[in-house]
1. If you take the residues of segment 100-111 that are without any contact (Cβ under 8 Å) to a residue 60 or more places away in the chain and buried (at least 17 other Cβ atoms within 10 Å of the Cβ), which of them is nearest to Asp154 (Cα to Cα)?
2. Identify, by number, the condition in (1) over 30 Å from Arg305 (Cα atoms); (2) surrounded by fewer than 21 Cβ atoms within 10 Å (Cβ to Cβ) that Pro134 doesn't meet.
3. Just checking, which of Ile148, Ile141 is on the phi < 0 side of the Ramachandran plot, within 13 Å of the ligand (Cβ to nearest atom), aliphatic (A, V, I, L, M) and buried (at least 22 other Cβ atoms within 10 Å of the Cβ)?
4. Can you tell me which condition Asp197 does not meet? The list is (1) surrounded by 19 or more Cβ atoms within 10 Å (Cβ to Cβ); (2) out of contact with any Gly (no Cβ under 7 Å at 6 or more places or on another chain), and all the others hold.
5. Could we say that Gly13 is crowded, with 24+ Cβ neighbours inside 10 Å, under 14 Å from the mean Cα position of the chain (by Cα) and small (Gly, Ala, Ser) here?
6. List the residue pairs whose Cβ atoms are under 7 Å apart, where the first residue sits in segment 202-226 and is farther than 13 Å from Gly18 by Cα, the second is among the small types (Gly, Ala, Ser), and the two are 6 or more positions apart or on different chains.
7. Quick check: anything in segment 317-334 of a type in the set (Lys, Arg), closer than 17 Å to Tyr70 by Cβ and assigned to a helix (DSSP H, G or I)?
Amino acid sequence: MKNIILTGDRPTGKLHIGHFVGSLRNRVRIQNEENYDDMFVMIADAQALTDNADNPQKIKDNILNVALDYLSVGIDPKKVHIFIQSEVNSLTELTFYYSNLVTVSRLQRNPTVKNEIKIRGFNDSIPVGFFTYPISQAADITAFKANIVPVGEDQLPMIEQTREIVRSFNRIYDNVLVEPEAVIPDNEACLRLPGTDGSRKMSKSVGNCIYLSDSKEVVKEKVMGMYTDPLHIKVEDKGHIEGNSVFTYLDAFCTDEDFQQFYSEFKNLDELKKAYQNGGIGDMKIKKFLYQVLEKTLEPIRERRKIYENDIERVYQILKEGTDYAKKVAEKTLMEVKQAMQIDYFQEDNLLKQFYKQKEK
Ligand code: TRP
């Protein structure tokens, strides 16, 4: 079995540490295990436009930001094709044909889209393109015959929708498409990293994110201002772990080695948690530890970003080459799809051949 990996992000802003533990870290791991035949990471600008039609500038501004985020976390352009969605025109064509295989009521049941509609306050004015983006996402995945899709938990409904489209297509036409599987983090804290303010999710508009591109000073300031446990007022007070963002971040980031290196009073996170719950551990202490743990990850990311930022033409070239390659692969799948659907009229004079065949009968 060939392993083909595909994933992507909407370029609506800089990527943050929630993206990192939710999906980026998995991608780099998969890339470095090298157990695949081809790997793609897509900047989903067309999808981003489905709810930003009036703000194309924002999307454009973030293309290079996201590309830099990818390269700085260690996505290796020698191993992975990074490409821009809207440049791969076969994707739009596939989307159109797949929409015949999906019902409106099926789309209405998609919990992620439902939630996004609520958050964006669309009410009765949902853009059709936004409503149908799960179909376009199925095109993204199937165009490359990806079988593995490393994503955040919120993307599971899209993968399920894609699998249904693949099954319908293969049943009705021919066995052309591949059913994908999602890969999500196995650590609960990584599934949905809360904001620094303790709210459920990191979100740019709330201003509770730690960005991969934040400077050391900014990271420190954000960590020191983090939400912890409002009942933990004096150091001696018993502390709570549940809903305490600092501990959720530690769950997502820290290793036993970090304790040896920065906090040798404790062997591991379980010990620290117990001590905190018993009282006697100040919030400053755990924040300082978290800052050190985060910096261990963020420092090399920052260093790599600097290198690429100083050579932005190379980044441009990486995107161009990745996109050229992606276009070829997607075009090939589109041809197979059209053939299966019998709309490949000018391939090998099919339309003519069909005419003569019927005449013979
Ligand atoms: N929906 C994804 C996000 O919001 C982006 C995306 C578009 C994607 N197409 C994809 C992810 C295909 C994985 C596979 O971040």
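The values are calculated or read from the model by the stated rules, or taken from the named source; none is laboratory data. The shown structure was predicted, so the numbers you read here are calculated from the model rather than taken from an experiment. Note that we place each Cβ from the backbone using ideal geometry, even for glycine, and neighbour counts take in every protein chain shown.
1. Step one: filter segment 100-111 for residues without any contact (Cβ under 8 Å) to a residue 60 or more places away in the chain, giving 100, 103-111.
Okay, now just the ones that are also buried (at least 17 other Cβ atoms within 10 Å of the Cβ), so 107, 110.
Details: Leu107: 15, Asn110: 11 Å.
Checking each candidate, the answer is Asn110.
2. (2)
3. On the way: Ile148 fails: buried (at least 22 other Cβ atoms within 10 Å of the Cβ).
The unique qualifying residue is Ile141.
4. (1)
5. Numbers: crowded, with 24+ Cβ neighbours inside 10 Å: no; under 14 Å from the mean Cα position of the chain (by Cα): yes; small (Gly, Ala, Ser): yes.
When the stated conditions are applied, Gly13 does not pass them.
6. Close Cβ pairs satisfying both conditions: Val206/Gly195; Val206/Ser199; Met226/Ser245.
7. Here is the first cut: in segment 317-334, the ones of a type in the set (Lys, Arg) are 320, 327-328, 332.
If we keep only those that are closer than 17 Å to Tyr70 by Cβ as well, we get 320.
So of that shortlist, the ones also assigned to a helix (DSSP H, G or I) come out as 320.
Within segment 317-334 (the criterion being of a type in the set (Lys, Arg), closer than 17 Å to Tyr70 by Cβ and assigned to a helix (DSSP H, G or I)), the answer is yes, since at least one residue qualifies.
Yes/no matrix, rows are residues, columns are (1) closer than 21 Å to Pro300 by Cβ; (2) under 22 Å from the mean Cα position of the chain (by Cα):
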| position | (1), (2) |
| --- | --- |
| Pro180 | no, yes |
| Glu188 | no, yes |
| Gly195 | no, yes |
| Ile233 | no, no |
| Tyr249 | yes, yes |
